[in-house]
Structure formats: structure tokens, C-alpha cells
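The values are calculated or read from the model by the stated rules, or taken from the named source; none is laboratory data. What you are looking at is a predicted structure, and each value in this text was computed from that prediction instead of being measured. Positions of Cβ are backbone-derived with ideal geometry, glycine not excepted, and every protein chain shown enters the neighbour counts. Side chains included, ligands, DNA and RNA excluded: accessible areas come from the protein's heavy atoms. Shrake-Rupley method; radii C 1.70, N 1.55, O 1.52, S 1.80 Å.
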Amino acid sequence: MTHPLPAELAEPHLLSLLTAMGLDVEYVRAEGNTLYFLDEADTEVPVLDMLGGYGSLIFGHNHPEIVAHAQELLAAQVPVHAQFSRRAEAHRTAEAFNQAIRRETGVEEPYYAVFGNSGAEAIEIAMKHAELARRTRLDAITAEIAAHLETARAAVAAGTAELHASTDARLTEYGVDCADPGSFHSVVTALTEANEAAVGRPPLFLALSRAFHGKLTGSVQLTHNPDFRLPFGALAAQARFVPLNDPDALSKVIEAERVPLFDVALVDGAVQVVRRDLPVFAAFVVEPIQGEGGVNPVSAEFAEAIQRECAALECPVVVDEIQSGMGRTGALLASSLIGLRGDYYALAKSLGGGLAKTSVTLFRESVYESAFELMHSSTFAKDAFSTSIAHKVIQMLEADDGRAYRTAAERGARLASKLEEVKAEFPGVVKDVRGKGLFLGFEFHDQAAAVQAVLGAELPPGSFGYLISGYLLIEHRIRVAPTASAVQTLRLEPSIHLTDAEIDRFVAALRDVCTILEERDGQAFRLLFNL
Ligand code: F0G
């Protein structure tokens with residue numbers, strides 16, 4: 001070959017960053033909470049996986065029951081791709097979801113399912129559907145206004161009505177430009193123009209500060225981190241971000257975005273201008289516990305405020321359970337633990353049992369637009385292999401009266417109590433332990449000043465958590481990760497099969513890290529930060 005290929009072709013820049021942090025390990029096998037890489041002698045080296053595929057491994061890597069199910073499907077030559085035919089496994093999965101949601105939330109109304117292939121896709125399906133529903137509402141409102149205008153026009157033409165004396169003042173108050181406020185025709189033209197401008201505006205979405213809902217062109221607009229979002233702001237409808245657990249701020253954001261639509265009413269022979277609200281927001285998308293943002297739970301009080309405000313706006317609540325759902329918090333839906341009811345739910349990650357790549361968006365019957373089914377599709381979505389595995393995963397969660405949920409809660413509580421002990425031992429190093437079940441965040445105090453003082457060096461921005469992760473991997477054979485949006489926080493999402501011994505191993509390793517950070521010994525510090 002005259003022109004040799006580069007050494008790495010699959011995102012080589014990312015690989016060089018991993019190398020710099022000691023994270024460029026190639027795993028060759030995985031089972032349960034253990035990943036294996038090969039050392040120089042080709043011997044398998046086990047690594048304890050506390051990250052769990054970013055929350056996609058509720059039953060661990062290659063769970064034998066799920067693997068056996070996948071093998072059976074393949075051996076039976078299941079028709080993986082038979083689009084535009086009856087998809088029985090998709091139906092069974094949706095039915096299992098409905099039964100589990102009924103059991104957990106007491107909501108009897110059915111939820112209809114639209115399957116996708118990834119978390120971001122599930123969110124974009126929700127966004128598209130929400131916009132379709134908003135458009136439907138908007139069409140109904142504009143048709144109503146047109147009918148009212150027609151009635152008024154007929155009454156004025158027949159001489160049985162005239163413009164109300166307050167019209168000029170109303171138009172001024174509402175900021176509507178009108179050439180001749182005394183002329184019915186002129187007023188109607190001005191109101192119609194204002195309405196057309198309002199109706200033509202793109203929708204807005206509501207989301208929370210530090211939210212993460214995906215990185216495709218639509219979903220990334222709801223992902224708060226400006227580094228991910230801002231370069232792509234021109235590509236799709238925008239979100240307004242509300243600070244977490246701040247009901248007053250939510251009301252203010254909604255108030256600030258009000259856009260009027262103008263209607264008329266015929267009262268006692270007078271045509272009055274009436275102000276209505278444009279449905280500005282297509283949906284409020286919310287994670288019950290923020291994952292990528294650093295494991296931040298939504299409070300029950302804030303959930304209630306979201307529910308109340310959205311009901312008033314007739315704006316659907318989209319609960320993003322992509323990371324928090326599928327049992328991790330001790331419930332199928334983390335939102336059920338705070339009384340947050342979704343008009344839509346989005347699920348992915350652990351839905352695929354660690355083997356399949358699948359997602360689902362569920363829609364409450366009363367807000368479902370069946371026309372959507374003919375507007376949205378994806379070649380791979382709803383395939384028999386993935387949906388059958390998803391069905392298996394739900395069955396495993398629901399088995400034995402929900403033993404898996406209880407295990408997640410119990411294992412999580414044990415892990416959390418040990419993390420709290422570490423926090424109590426190292427109050428100057430550990431800032432916070434938070435989360436629910438097996439969805440925990442372990443936050444360190446900012447160490448930038450200590451690194452500067454001890455080593456006279458600055459850490460590359462955003463690198464703290466990754467460097468700690470590299471150290472834990474190299475020195476302790478433990479895999480963790482911070483998040484790109486909360487680099488001081490380690491996110492812990494092991495499977496429900498986490499053993500006491502694994503918890504103890506992990507906690508001992510954390511104590512080692514905390515001891516180094518507390519003692520500020522130069523050599524240990526240098527090793528910890530790979531400097
Ligand atoms: N929503 C939530 C709550 C997520 O955590 C993620 C992904 C997505 C949507 C998008 O899903 O990656 O399948 O398209 N979270 C990963 C993380 C990337 O770091 O937590 P995706």
C-alpha cells in the first residue's frame with residue numbers, strides 16, 4: 001500500500017483522550033459485574049464494573065437467562081426484520097409495560113407504544129408526537145377563532161353588532177398595530193395578522209437545567225450542557241431550561257414565554273377583542289433523576305408543580321426514564337416514587353437487556369395521535385429480536401412479585417450507606433452522596449486548588465473525574481466514570497447482582513482515593529492525577 005491508513009480510524013481523537021487518562025483498555029469478555037481485558041501474557045484480568053454500560057445493564061453483562069433467550073431466538077430463525085407486518089413481540093412488550101405501569105402507578109388508562117432504536121430516538125419520537133399534538137390543538141383553536149370572526153362579521157354586516165367601545169384601548173394594551181381601530185375590517189385584519197405571526201412561531205420545549213436527553217439534532221436541544229447543545233441550536237426547536245426543584249422559577253419561565261392569540265366575542269351587540277394563549281410549549285421533558293447531569297433527583301414537591309403547570313398549559317409531561325427506569329431505583333419507573341405521572345414515557349438502555357439496542361416511547365391514550373403511526377417509522381425499530389428481549393427483561397423484573405426491584409433497592413441502600421460512611425470519614429474530600437437504589441452519585445469537593453498547591457500544576461478542564469476513574473482502573477481494577485456535565489461526581493450504576501464483596505472492594509478503593517486527596521502526599525497525588 002502506498003498510502004498507509006492511520007493507526008486508528010474509529011474516532012481517533014477520543015481514543016487519544018482515553019489513553020491520556022489511562023482508560024484505553026480493550027475489554028474482551030464480560031459477565032455479571034465483571035469485564036475482562038488481557039494482560040501481556042494473554043491472561044484475563046477482571047475489572048469490577050460499577051458503571052454498568054451507563055445504566056444499560058440492570059441484570060449485568062451477558063446475563064445467562066437473557067443470553068439463552070437470545071440464542072433461542074436465533075436458533076428458531078426468528079424473523080428479525082419483517083416490517084409492515086403484525087409484530088406480535090412488540091405488542092406483547094407493550095402489554096407487559098401496561099400491566100407493570102398499572103400495578104405501579106394505579107393508572108388504568110392504556111399507553112400505546114412506538115418503538116425506536118436508542119434513547120435519543122425515543123425522545124425525538126416524543127418531541128415529534130408532541131408537536132403533532134400541539135399543531136392539532138392549534139388547528140382547533142384557529143378554526144374556533146375563524147368561526148367567531150365569521151359570526152361577528154355577519155352580525156356587523158347585518159347591522160346587529162358593532163365594535164365594542166373598548167376596542168382601541170384593548171388593541172393598545174395588547175400591542176396590536178391597527179390602521180383604523182374604528183373599522184371592523186381593519187381590526188379583523190390586524191388581529192388576523194398578529195395571529196398568523198404567532199401561529200408561525202416554532203414551538204418551545206421545557207426542560208431542566210443539567211438535563212440530558214440525547215445528542216441527535218432534536219434531542220440535543222433539550223440537553224442542557226452548552227458544549228453539546230449550542231453549536232447545533234440552528235438545527236431544531238429550542239428549549240427553555242428551568243432550574244431543578246424550583247417551582248417559582250418554573251412559573252416565571254412559563255410566564256415569560258406567553259404569546260397571545262386574538263379572538264372575538266359577541267356580547268350584547270358588541271364585538272369584543274378577547275385574548276387567548278398560543279400553545280407555546282410542545283412538551284415538558286424531564287428525567288425523574290438526572291443521570292448525565294450528576295445524579296440529581298427531582299423532588300416530589302417539584303414533580304407536583306410540573307404536573308400542575310403542565311395541566312394548566314395542556315402541555316404533555318414527557319418522563320425520560322431512559323436511565324432511571326427499568327428497575328434501577330427499586331421501581332419500574334423512578335417517577336412513580338415521586339408521584340410524577342407521564343403523559344409520555346421514554347425508555348431505553350436496560351430495556352435491551354444488555355444485548356439489544358432498543359427503545360420505546362409510551363403515550364397515554366387520551367393524548368395519543370394515531371396519525372403519528374403513518375408519519376414516523378424506522379427500518380430497525382420494533383424488530384422481533386429486540387422487542388422479544390425487551391419483553392424478557394420486563395418479565396424478569398416483574399417475576400416473583402417484583403423481586404428484582406426489591407433487590408435493586410436493597411443493594412442500593414447497602415452501597416449508599418457505605419458511601420455515606422466514606423463521606424463521614426472524609427468530610428473535606430467528599431461533598432455529597434445522592435441518588436436512589438442503584439443509581440448513585442458520589443461527589444468530590446473541587447480539588448483544583450489542592451492540585452495547584454501540591455503539584456504546582458493545573459488539571460485539564462473537566463478532567464478530574466476521568467483521572468480518578470483512570471486511577472481506579474489501573475490501581476484497583478474498577479471501572480467507574482464521572483459525567484461530562486458533572487466531572488466531580490462519579491456515577492454508580494452497577495447491576496442488581498452486586499455482591500457484598502464487590503461493594504466492599506469498591507468502597508476500599510474509594511477510601512484509598514480519599515486518603516490520597518486528604519493527605520496530599522506529592523507522589524501519591526502525582527500517581528492519582530497521572531501527572
Ligand atoms: N435520556 C437520558 C436520561 C439519558 O441518560 C440518555 C443517555 C439519553 C436520553 C440518550 O440515550 O445515548 O441511547 O441516545 N445517556 C448517556 C449517559 C449517554 O451518559 O448517561 P442514547
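Cβ separations smaller than 7 Å between residues 6+ apart or across chains give the following pairs from the range 94-106 residues that are over 18 Å from residue 351 (Cα atoms) to residues that are in a helix (DSSP H, G or I): 105/336. Considering 284, 302, the condition of being closer than 28 Å to residue 97 by Cβ, more than 16 Å from the ligand (Cβ to nearest atom) and open to solvent by less than 40 Å² (accessible area, probe 1.4 Å) is satisfied by 302 alone. Taken as a whole, the condition of being at pLDDT 95 or above, open to solvent by less than 40 Å² (accessible area, probe 1.4 Å), out of contact with any Cys (no Cβ under 8 Å at 6 or more places or on another chain) and not assigned by TED's automatic domain parsing to the domain that holds residue 440 applies to residue 70. Quick check on the range 124-138. Is at least one of its residues crowded, with 18+ Cβ neighbours inside 10 Å and more than 22 Å from the chain's Cα centre (by Cα)? Within the range 124-138, not a single residue is crowded, with 18+ Cβ neighbours inside 10 Å and more than 22 Å from the chain's Cα centre (by Cα).
Looking only at residues that are under 32 Å from the mean Cα position of the chain (by Cα) and part of a loop (DSSP other than H, G, I, E, B) in the range 244-269, which one is nearest to residue 187 (Cα to Cα)? Reasoning before the result, please.
The initial filter retains those residues of the range 244-269 that are under 32 Å from the mean Cα position of the chain (by Cα), namely 244-261.
Okay, now just the ones that are also part of a loop (DSSP other than H, G, I, E, B), so 244-246, 257-259.
Numbers: 244: 43, 245: 44, 246: 41, 257: 25, 258: 22, 259: 19 Å.
The qualifying residue nearest to residue 187 (Cα to Cα) is 259.
Select from the range 211-236 the residues that are of a type in the set (A, V, I, L, M, F, W, C), open to solvent by 30 Å² or more (accessible area, probe 1.4 Å) and in contact (Cβ under 8 Å) with a residue 24 or more places away in the chain and list them in ascending order. Full working, then the answer.
Filtering the range 211-236 down to residues of a type in the set (A, V, I, L, M, F, W, C) leaves 211-212, 216, 220, 222, 228, 230, 232, 234-236.
Next, from what is left, pick out any that are open to solvent by 30 Å² or more (accessible area, probe 1.4 Å): 212, 216, 228, 230, 232, 234-236.
Correct list: 212, 216, 228.
Going by what's in this entry, would residue 258 be described as more than 16 Å from the ligand (Cβ to nearest atom), touching a residue at least 40 places away in the same chain (Cβ under 8 Å), among the basic types (Lys, Arg) and in the same structural domain as residue 313 (by TED's automatic domain parsing)?
Working: more than 16 Å from the ligand (Cβ to nearest atom): yes; touching a residue at least 40 places away in the same chain (Cβ under 8 Å): no; among the basic types (Lys, Arg): yes; in the same structural domain as residue 313 (by TED's automatic domain parsing): yes.
Considered against the rule, which asks whether it is more than 16 Å from the ligand (Cβ to nearest atom), touching a residue at least 40 places away in the same chain (Cβ under 8 Å), among the basic types (Lys, Arg) and in the same structural domain as residue 313 (by TED's automatic domain parsing), residue 258 comes out as no.
Screening the range 397-442 for residues that are open to solvent by less than 10 Å² (accessible area, probe 1.4 Å) and part of a loop (DSSP other than H, G, I, E, B) and picking the one that is farthest from residue 93 (Cα to Cα) gives 429.
Confirm whether residue 279 is away from the ligand (no atom under 16 Å from the Cβ), closer than 17 Å to residue 315 by Cβ and in contact with a helix residue (DSSP H, G or I) (Cβ under 9 Å, 6 or more places away or on another chain). Give the steps one after another, and end with the answer.
Details: away from the ligand (no atom under 16 Å from the Cβ): yes; closer than 17 Å to residue 315 by Cβ: yes; in contact with a helix residue (DSSP H, G or I) (Cβ under 9 Å, 6 or more places away or on another chain): yes.
So residue 279 passes the test.
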